[in-house]
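Engineer: My questions will all concern the structure given below.
Computed from the coordinates by the stated procedures, all read-outs in this text should not be read as laboratory data. Nothing here was measured: the structure is a model prediction, and the numbers come from that model. Quick reminder, even Gly has a Cβ in these numbers, built from the backbone with ideal geometry, and neighbours come from all protein chains shown.
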Amino acid sequence: MNKQMRFGLDIDGTVTCPETFIPYLNEHFQTNISLSDITQYEISAILNVTKEEFWQWMSKHEPIIYANAKIANFFTEAIKNWQDTHHFTYISARGNHLFEVTENWFKKNNIPFHQIELLGQHDKLNAIRKNDIDIFFEDKHDNACDIAEECKIPVILIDTPYNQDPVPHQVIRVKDWNEASTWVNNWLK
């Protein structure tokens, strides 16, 4: 494990708990959903609102949600195990106007990073190529498949109810960061 690898990591639902948004959604939209109710990435239908209404709400509430997001289980242990050896680039669909909130969250939570790229879109292929990423961590099913197939790198898919479609062999589905850490440590040998 002496070669430095370039890890690419999504943030929301990957580094942060997939449940992060649920209390805010339940409070605002007067619902009582849980993570198991979210079986597709696009959740406006579950909330019985239009996509436009959802994204208006989202743009207003993103800063507070992101500033207070919980870290995914076992993430801290996994990343700290790799921090002295590997390079971490976080590549997120968050808009760049959220950079300060995002960077402050990383610092407050003592999460190691070398670079944070907020793209404002879900297409991460160019950012992954530009940063010469060796392995990527994701929760969005179509992103994981596209990245694995287009960039020819392994993609660790953090298992959630909204990403259950079949995956190509380069996508490794794991239940949590404990499993991710085990798989990556074997891959690095």
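Engineer: Which residues' amide hydrogens lie under 5 Å from the amide hydrogen of A72, considering only partners 5 or more residues apart or on another chain, with H built in the peptide plane?
Structural biologist: Amide H neighbours of A72: T16, C17.
Engineer: Next up: Under a point spin-label approximation (7 Å from Cα along Cα-to-Cβ), what is the W183-K3 distance to one decimal in nm?
Structural biologist: 2.0
Engineer: Here is a follow-up. For D84 and Q164, FRET efficiency with R0 = 45 Å and r from the beta-carbon atoms, rounded to 0.05?
Structural biologist: 0.80
Engineer: Considering only L118, S34, W57, whose Cα is most displaced toward the positive end of the charge dipole of the stretch 1-132, charges sitting on Cβ of Lys, Arg (+1) and Asp, Glu (-1)?
Structural biologist: Selected residue: L118.
Engineer: If you don't mind, there's one more thing I want to ask. FRET efficiency for F106 and A45, Cβ-Cβ distance as r, R0 = 30 Å, nearest 0.05?
Structural biologist: The value I calculate is 0.40.
Engineer: Then there is this: Rounding to the nearest 20 debye, state how big the charge dipole of the stretch 101-160 is about its Cα centre with +1 on each Lys and Arg Cβ and -1 on each Asp and Glu Cβ.
Structural biologist: Roughly 320 debye for the stretch 101-160.
Engineer: Take every DSSP beta bridge with both residues inside the stretch 1-119 and express the antiparallel ones as a percent of the total, to the nearest 5.
Structural biologist: Close to 10 percent.
Engineer: Divide by every residue of the chain the summed helix terms, -39500 (n - 2.57) for each DSSP H run of at least 4, and state the resulting mean residue ellipticity at 222 nm, rounded to the nearest 500 deg cm²/dmol.
Structural biologist: -11500 deg cm²/dmol
Engineer: How big is the stretch 22-67 on each of its three principal axes, counting only the C-alpha atoms and giving the largest first in Å?
Structural biologist: 24, 20, 19 Å, listed from the longest principal axis down.
Engineer: Just to confirm a number: summing +1 for Lys and Arg and -1 for Asp and Glu over residues other than N26 whose beta-carbon lies under 12 angstrom from that of N26, what do you get?
Structural biologist: So the surrounding residues net to -3.
Engineer: Relative to the Cα centre, what is the charge dipole magnitude of the chain, using +1 at the beta carbon of each Lys and Arg, -1 at the beta carbon of each Asp and Glu, and rounding to the nearest 20 debye?
Structural biologist: Using only the charged Cβ atoms, the result is roughly 600 debye.
Engineer: Same structure again: Between E117 and residues 5 or more places away or on another chain, which pairs have amide H atoms under 5 Å apart, with H built 1.01 Å from N, and which residues are they?
Structural biologist: Result for E117 returns Y90, I91, S92.
Engineer: Determine, from the Cβ-Cβ distance of A67 and L119 and an R0 of 22 Å, the FRET efficiency 1/(1 + (r/R0)^6), rounded to the nearest 0.05.
Structural biologist: For R0 = 22 Å, the calculated efficiency reads 0.65.
Engineer: Could you put E27, E117 in order, starting from the residue whose Cβ has the fewest other Cβ atoms within 10 Å?
Structural biologist: Ranking E27, E117 by Cβ neighbours within 10 Å, fewest first, gives E27, E117.
Engineer: Ranking I158, I64 by Cβ neighbours within 10 Å, fewest first, what do you get?
Structural biologist: Starting with the residue having the fewest Cβ neighbours, the order is I64, I158.
Engineer: Please report V15, V171 as a ranked list, fewest other C-beta atoms within 10 angstrom at the top and most at the bottom.
Structural biologist: V171, V15
Engineer: Here's a follow-up. Nothing charged except the Cβ atoms of Lys and Arg (+1) and of Asp and Glu (-1): what's the magnitude of the dipole of the stretch 22-67 about its Cα centre? Round to the nearest 20 debye.
Structural biologist: Approximately 40 debye in magnitude.
Engineer: Follow-up. How large is ³J(HN,Hα), in whole Hz, for each residue of the stretch 50-67 in order, when computed from phi with the Karplus curve 6.51 cos²θ - 1.76 cosθ + 1.60 and θ = phi - 60°, using x for Gly and Pro?
Structural biologist: Residue by residue, the stretch 50-67 yields 6, 4, 4, 4, 4, 5, 5, 4, 4, 4, 6, 9, 3, x, 6, 5, 5, 5 Hz.
Engineer: How big is the Kirkwood radius of the chain, worked out from every pair of different alpha carbons and given in Å to one decimal?
Structural biologist: 17.0
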